[in-house]
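Peer 1: Handing you this structure, nothing more for now.
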Amino acid sequence: MPTLFDKIWDAHVVDRLADGTAILYIDRHLVHEVTSPQAFEGLRMSGRRVRRPDATLAVVDHNVPTSDRSLPMEPGDSLTQIETLERNVAEFGVPYFPLRSARQGIVHIIGPEQGVSLPGMTIVCGDSHTSTHGALGALAFGIGTSEVEHVLATQTLLQKPAKNMLVRVEGTLAPGITAKDVMLAIIGTIGTAGGTGHVIEFAGSAIRGLDMAGRMTICNMSIEAGARAGLVAPDDTTFEYVRGRPFAPSGEAFDRAVEYWRTLFSDPDARYDRVVELRAEDIAPLVTWGTSPEDVLPITATVPDPADAPEESRRAQVQRMLDYMGLVPGQRLDELPVDVVFIGSCTNGRIEDMRAAARIVAGRQVAPGVRAMVVPGSGMVKQQAEREGLDKVFLDAGFEWREAGCSMCLGMNPDKLKPGQRCASTSNRNFEGRQGPGGRTHLLSPAMAAAAAVTGHLTDVRSFN
Amino acid sequence: MDAFTSLTGIAAPLPEANIDTDKIIPARFLKTIKRSGLGVNAFDAMRYNEDGTEKPDFVLNREPYRRAQILVTYENFGCGSSREHAPWALLDFGIRCVIAPSFADIFHNNCFKNGILPVQLPREVCERLMEDARLGANGRLTVDLERQVVVRPDGQEIPFEVDALRRRLLLEGLDDIGQTLQHGEAIERFEQGRVAERPWMPAISLA
Ligand code: SF4
């Protein structure tokens, strides 16, 4: 009767401390430039080494510019962090994808893409969206800098087990509805604290029906639902995705791996601390209107009226959000003009997302006055898109076609919103100032973002089909 | 992490309550890539003028307190954010022990993780120790973790309480990592078992 989480957990407990804390073995540790400098410094100060460089992979993504990489980076804090990572990986012998490598990209895109992240593994990174890798049926979660050092030094973490939560989505998604809409619907249902203390397993026919990119979009935003991690049981879709990836097992080793991976599912009588069910048919294209990912409505809805909120504290909160977002109650969401469209991030920066956006854009033009950008999640995604001619589709329409990185998902690199700008964004957080001070973010799917780019306002993508 | 057994040193008097983590290390210094090197900005706003010159009155700018290893202060020391930069800054300055009537939770935890001993003693005791600290080099305190006493310059011993597990970790100089490494054999056994059970588990190598 164990759940999938229980099985992966049990397979990684090295030892238990007197108070029940587990020493959990970590199979994969992904490292990036922002949260690792003090961890490496700590190793150096205490004369420790990286225990398993062969289980560690480093990349730069948060700080990097996504403009022409043949030019040198501007001096400053960002460059210092990047150079520091480069010194650290050289000193400690950690495998590293440098800025100008085709394999560089957002850490949560390249892990699965390279076959570094595999089913049944424990995977950590000093970044909350590590939950993405749970789509492969791996236990993957974000950690702080002290824990980064702990994993570098010991290849383990001190952990207490999480609670189990099941989110089941049964049925068939209507045309135009994507994994992003499913996840926004889930977050809208359970709220941003709904998953606190839990690992969420996503199941049901609608989840099974998703490709790996869609499952990654869902698990990626588990953290926006407050969960420690997200999980999807591995199946043939997973195994076919993994097959042939550079760091995945091959040949006979692959077959043996699949044999093991097939044991990774929740037993039929597994017990969950909480179960939530959604019908796929009920899900419409969704868009956020506020400054928290749970403030989400169908594109056909209107901006909510604070007066309709049940209690005073919520009324004040809604009003604050509307003020920040520059909205008035009753405005139609599908008429809101946008200044910027951002397609990318570890939520929606995969080749499938590029294709979905390109299908809408093909033969159309970016609306006048709109800045529209596509930022592939990795150099490999970019190359693949260019092989398929997607770059031309975007460029011909007036989009920017940029280099891989976190880009406008967060205001930590040169791609930022200006105060007051309204952005249709495929990323994961619409917090105040997340995409730049004063910026206004509406989260939505890549197809919906593309539709907004060509019409100049938020748009129901179903009118394009 | 350095072990903490017994420490005899100069104690700096900081007779203020509610010294928060922003005072200990302001947010703008968190962009650093280091844990070390923060000592120069410890208590930045209390310590420096706007033009960067030292405020001559601030205790840590005066001799012999520039070499202080112990801080005597008042209630709720370290309140505010969870930033580990706060104990990092103290440690980098040279502080290994803080004596106060009470501490903020997270800061208290973070101290142990970084080899700093927070000693909690009643206000009136702290006031007496404050007087000792004001004697400068003539008022050295000894903080003996093994015997769990603070020894005043006149030889009087003041006992203090400390969590048994944390005491052990500090005495042995073990941080979380050190503690986990004590299970090194179990980790190795686990790794060997994994090679046997899951031989397909690939290594990451760019060679
Ligand atoms: S794309 Fe955004 S959410 Fe993902 S790792 Fe980068 S900054 Fe974080």
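Please treat every number below as a calculation from the coordinates, not as lab data. The structure displayed is predicted, hence computed values, not measured ones. Cβ coordinates were reconstructed from backbone atoms using ideal geometry, including for glycine residues, and neighbour counts include every protein chain displayed.
Peer 1: Which length gain, in nm to one decimal place, applies between residue B:62 and residue B:45 when the Cα-Cα distance is subtracted from 0.36 nm times their residue separation? Can you show the working numbers first?
Peer 2: Numbers: separation 17, 0.36 × 17 = 6.12 nm, distance 1.59 nm.
Fully extending the segment from residue B:62 to residue B:45 adds 4.5 nm.
Peer 1: Turning to a different aspect of this structure: Dipole of the protein assembly as shown, Cα-centred, from +1 at each Lys and Arg C-beta and -1 at each Asp and Glu C-beta, to the nearest 20 debye? Write down the numbers at each step before the final one.
Peer 2: Values: 71 positive and 88 negative charges, 167 e Å.
About 800 debye.
Peer 1: Run lengths n ≥ 4 of DSSP H only: what is the helix-derived mean residue ellipticity at 222 nm for the protein assembly as shown, with -39500 (n - 2.57) per run over all residues, to the nearest 500?
Peer 2: Numbers: 24 runs with 215 residues, N = 672.
Dividing the helical sum by the residues of the protein assembly as shown leaves -9000 deg cm²/dmol.
Peer 1: Which of the peptides A:414-425, A:250-261, A:308-319, B:131-142 is most tightly packed, and how do the rest follow, judged by the mean count of other Cβ atoms within 10 Å per residue?
Peer 2: Numbers: A:414-425: 19.8, A:250-261: 14.8, A:308-319: 12.5, B:131-142: 17.0.
Averaged packing, sorted descending, gives the order A:414-425, B:131-142, A:250-261, A:308-319.
Peer 1: Over the stretch A:1-61, calculate the relative contact order: mean separation of alpha carbon pairs under 8 Å at least 6 apart, over the residue count, as a percent.
Peer 2: Details: 42 pairs, mean separation 18.8, N = 61.
Relative contact order for the stretch A:1-61 comes out at 31 percent.
Peer 1: Listed highest first by mean packing, meaning other Cβ atoms within 10 Å per residue, what order do A:90-98, A:448-456, A:51-59 come in? Each step should come with its number before you reach the end.
Peer 2: Details: A:90-98: 17.0, A:448-456: 28.0, A:51-59: 22.7.
Highest mean packing first, the order is A:448-456, A:51-59, A:90-98.
Peer 1: Which aspartates and glutamates have a Cα less than 17 Å from the Cα of residue B:113, not counting those fewer than 8 places away in the same chain?
Peer 2: Partners found: A:41, A:147, A:149, B:2, B:84, B:92, B:105, B:163, B:172, B:175, B:176.
Peer 1: When a/c is below 1.5 the answer is rounded, else prolate if a/b is larger than b/c, else oblate, so apply that to the stretch A:19-169 with a ≥ b ≥ c taken from the square roots of the Cα gyration tensor eigenvalues. Could you put the intermediate results ahead of the total?
Peer 2: On the way: a/c = 2.09, a/b = 1.33, b/c = 1.56.
Oblate, because a/c is 1.5 or more while a/b does not exceed b/c.
Peer 1: Excluding same-chain residues fewer than 8 positions from residue A:418, which lysines have a Cα within less than 23 Å of its Cα?
Peer 2: The qualifying lysines are B:31.
Peer 1: Please give the FRET efficiency for residue A:13 paired with residue A:237, using the beta carbon to beta carbon distance and R0 = 45 Å, rounded to the nearest 0.05.
Peer 2: Values: r = 29 Å, r/R0 = 0.64.
My answer for the efficiency is 0.95.
Peer 1: Moving on. Could you list A:129, A:12 so that the one with the fewest beta carbons within 10 Å of its beta carbon is first and the one with the most is last? Could you put the intermediate results ahead of the total?
Peer 2: Working: A:129 27, A:12 22.
Going from least to most buried by this count: A:12, A:129.
Peer 1: Same structure, new question: Of the beta bridges DSSP finds with both residues in the stretch B:6-173, what % are antiparallel, to the nearest 5?
Peer 2: Around 45 percent antiparallel, to the nearest 5.
Peer 1: Next question. Count, for each residue of B:191-204, the Cβ atoms from other chains sitting within 10 Å of its Cβ, then give me the mean as a whole number.
Peer 2: Details: counts 6, 0, 1, 4, 0, 0, 2, 9, 5, 15, 10, 12, 6, 15.
Mean inter-chain Cβ contacts per residue within 10 Å come to 6.
Peer 1: A follow-up question, please. Rank the residues B:34, A:7 as a footprinting-exposure proxy: fewest other Cβ atoms within 10 Å of their Cβ go first. Walk me through the numbers before you get to the answer.
Peer 2: On the way: B:34 16, A:7 20.
The fewest-first ordering by Cβ neighbours comes to B:34, A:7.
Peer 1: Okay, moving on. Averaged across the residues of A:2-15, what count of C-beta atoms belonging to other chains lies within 10 Å of each residue's C-beta? Kindly include the intermediate steps, with their values, before the conclusion.
Peer 2: Numbers: counts 0, 0, 0, 0, 0, 0, 0, 0, 0, 3, 2, 2, 9, 8.
What the average comes to for A:2-15 is 2.
Peer 1: Right, next: Where the only charges are on Cβ atoms (+1 Lys, Arg; -1 Asp, Glu), what is the dipole of the stretch A:164-219 about its Cα centre, to the nearest 20 debye? Write out the running numbers ahead of the final one.
Peer 2: Values: 4 positive and 4 negative charges, 6 e Å.
Once rounded to the nearest 20, the dipole reads 20 debye.
Peer 1: Count the DSSP beta bridges whose two residues both fall in chain A, then state the antiparallel fraction as a percent rounded to the nearest 5.
Peer 2: On the way: 13 of 53 bridges.
That works out to approximately 25 percent antiparallel.
Peer 1: Let me ask you something else. Using a/c under 1.5 as the rounded threshold, could you call the stretch B:6-173 rounded, prolate or oblate? The axes a ≥ b ≥ c are square roots of the C-alpha gyration tensor eigenvalues, and prolate needs a/b larger than b/c, oblate otherwise.
Peer 2: Working: a/c = 1.75, a/b = 1.24, b/c = 1.42.
It is oblate, given that a/c is not under 1.5 and a/b is not larger than b/c.
Peer 1: When ranked by the protection proxy of mean other Cβ atoms within 10 Å per residue, highest first, what sequence do the peptides A:351-361, A:284-294 form? Spell out each step's value before the answer.
Peer 2: Working: A:351-361: 24.0, A:284-294: 22.3.
With the highest mean Cβ count within 10 Å placed first, the list reads A:351-361, A:284-294.
Peer 1: Also, quick follow-up: Filter the cross-link list A:392/A:416; B:23/B:55; A:160/B:34 down to pairs whose alpha-carbon distance in this structure exceeds 26 Å. Before the final figure, lay out the partial values.
Peer 2: On the way: A:392/A:416 24 Å; B:23/B:55 15 Å; A:160/B:34 29 Å.
Checking Cα-Cα distances, A:160/B:34 exceed 26 Å.
Peer 1: Something else: For peptide A:64-77, compute the average count of partner chain beta-carbon atoms within 10 Å of each residue's beta-carbon. Before the final figure, lay out the partial values.
Peer 2: On the way: counts 0, 0, 0, 0, 0, 0, 0, 0, 0, 0, 0, 0, 0, 3.
If you average over the peptide's residues, the count of other-chain Cβ atoms is 0.
Peer 1: Can you say what percent of the DSSP beta bridges in the stretch B:80-191, counting only those with both residues inside, are antiparallel? Round to 5. Could the numbers behind the result be given before it?
Peer 2: Working: 6 of 10 bridges.
Of all bridge pairs located within the stretch B:80-191, approximately 60 percent are antiparallel.
Peer 1: Just check the stretch A:107-251 against the gyration tensor rule for me: Cα atoms, a ≥ b ≥ c as the square roots of the eigenvalues, rounded for a/c under 1.5, and otherwise prolate or oblate depending on whether a/b exceeds b/c. Walk me through the numbers before you get to the answer.
Peer 2: On the way: a/c = 2.06, a/b = 1.18, b/c = 1.74.
Cα axes put the stretch A:107-251 in the oblate bin.
Peer 1: Let me have the relative contact order for chain A, percent, based on Cα pairs under 8 Å that are six or more residues apart. Spell out each step's value before the answer.
Peer 2: Numbers: 1120 pairs, mean separation 80.0, N = 465.
Contact order relative to length: 17 percent.
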